[in-house]
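The values are calculated or read from the model by the stated rules, or taken from the named source; none is laboratory data. All of these numbers come straight from a predicted model, not from anything done at the bench. Here the Cβ positions follow ideal geometry from the backbone for every residue, glycine too, while neighbour counts run over all protein chains shown. These area figures cover heavy atoms from the full protein model, side chains too; ligands, DNA and RNA do not enter into them. Shrake-Rupley method; radii C 1.70, N 1.55, O 1.52, S 1.80 Å.
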Amino acid sequence: MARCKVGVQLHPQATTADAIRAAWRGADALGVDSIWVWDHFFPLYGDPDGAHFEAYSLLAAMAVETTRADIGALVTCNSYRNPNLLADMARTIDHLSGGRFVLGIGAGWFERDYREYGYEFGTGPSRVRELAGALPLIMERLDRLEPPPRGRLPILIGGSGEKVTLRLVAEHADAWNTFGPPENFAKKSRVLDEWCERLGRNPRQIERTVGINVNEVDNLDAYVDAGAEHLIVMVRPPYDLDPVKQLLDAAR
């Protein structure tokens with residue numbers, strides 16, 4: 001039995017469509033458990049006006065060019081799409097992928113995206129409140145769509161806010177994502193367990209995922225000991241997948 005799942009997040013910036021397509025096909029061939037992009041409109045590092053691609057258009061292509069891995073955005077910004085539309089997009093990509101789509105979602109944070117695309121940035125608390133309001137609408141729409149998703153479409157919530165975000169995870173999510181180092185992950189995971197206890201949710205129903213840098217693949221033991229069940233390696237262009245393979249070999 002594998003010690004944990006292994007995924008990869010491919011940064012959709014400073015690249016070409018052909019290069020990122022080759023990367024997700026390569027990752028799928030390696031046997032990763034999940035492949036992700038992020039949901040932004042501009043680069044997060046390097047040249048701020050460099051090449052960048054939109055997440056859900058990429059995910060639709062990824063759905064038909066991969067066959068094994070779960071796919072999704074790590075994570076979708078709730079502010080960028082009407083919740084009913086987002087549910088419909090997720091359901092459609094789920095069908096294109098044969099039932100492998102995971103709806104990763106969070107409250108959003110990158111101000112330039114908001115400013116240049118005309119969304120109201122608000123405040124951290126206001127964006128979390130909007131996420132809290134959107135989640136029931138997304139789930140309701142998923143239940144009403146025809147055809148419905150191929151199966152139970154998992155919802156992953158990203159974030160680490162202890163007062164609200166982790167409560168939303170305990171209320172709604174099938175999976176949760178945050179970042180390291182391992183001691184930070186362990187602390188946040190304990191807070192999530194506390195919310196589950198308060199709300200009567202079995203904490204084992206929520207998969208614990210963590211985004212790690214390529215230089216952290218040797219920390220597998222520490223992350224597993226901290227409670228991580230799914231390690232997702234965040235890979236920059238030109239998409240060297242050797243660290244992902246190293247982690248796969250260690251995990252399995």
Which residues, counting only those in the stretch 194-251, are in contact (Cβ under 8 Å) with a residue 24 or more places away in the chain, in a loop (DSSP other than H, G, I, E, B) and not acidic (Asp, Glu)?
ARG201, ILE206, ALA226, GLY227, ALA228, ARG236, PRO237, PRO238, TYR239, LEU241
Options THR123, THR178; residue that is open to solvent by less than 20 Å² (accessible area, probe 1.4 Å) and of a type in the set (Ser, Thr, Tyr):
THR178
Given the condition over 19 Å from the mean Cα position of the chain (by Cα) and in contact (Cβ under 8 Å) with a residue 60 or more places away in the chain, answer yes or no: does some residue in the stretch 130-139 qualify?
no
Total residues in the stretch 137-166, condition part of a helix (DSSP H, G or I) and touching a strand residue (DSSP E or B) at 6+ places or on another chain (Cβ under 9 Å)
5
If LYS187 satisfies every condition in (1) in contact with a Gly (Cβ under 8 Å, 6 or more places away or on another chain); (2) part of a helix (DSSP H, G or I) but one, which is the exception?
(1)
Show the residue pairs that are 6+ apart or on different chains and have beta-carbon atoms under 9 Å apart, the first residue being within the stretch 145-161 and more than 11 Å from THR92 (Cα to Cα) and open to solvent by 20 Å² or more (accessible area, probe 1.4 Å), the second being modelled with pLDDT of 95 or more and assigned to a loop (DSSP other than H, G, I, E, B).
GLY151/GLY99; ARG152/ASP174; PRO154/ALA173; PRO154/ASP174; GLY159/VAL75; GLY159/ALA107; GLY161/ALA107
Restricting to the stretch 22-46, name every residue that is of a type in the set (D, E, K, R) and surrounded by 17 or more Cβ atoms within 10 Å (Cβ to Cβ).
ASP28, ASP33, ASP39
Members of the stretch 1-21 found to be open to solvent by 20 Å² or more (accessible area, probe 1.4 Å), in contact (Cβ under 8 Å) with a residue 24 or more places away in the chain, over 16 Å from the mean Cα position of the chain (by Cα) and more than 29 Å from GLU111 (Cα to Cα), listed by number:
ALA2, ARG3
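In the stretch 121-136, what count of residues is obtained for those that are of a type in the set (Ser, Thr, Tyr) and either in a helix (DSSP H, G or I) or touching a Phe, Trp or Tyr at 6+ places or on another chain (Cβ under 7 Å) (or both)? Before you say what the answer is, go through the steps one by one.
Step one: list which residues in the stretch 121-136 are of a type in the set (Ser, Thr, Tyr), which gives 123, 126.
Checking the rest, the ones that are also either in a helix (DSSP H, G or I) or touching a Phe, Trp or Tyr at 6+ places or on another chain (Cβ under 7 Å) (or both) come to 126.
Number of matching residues: 1.
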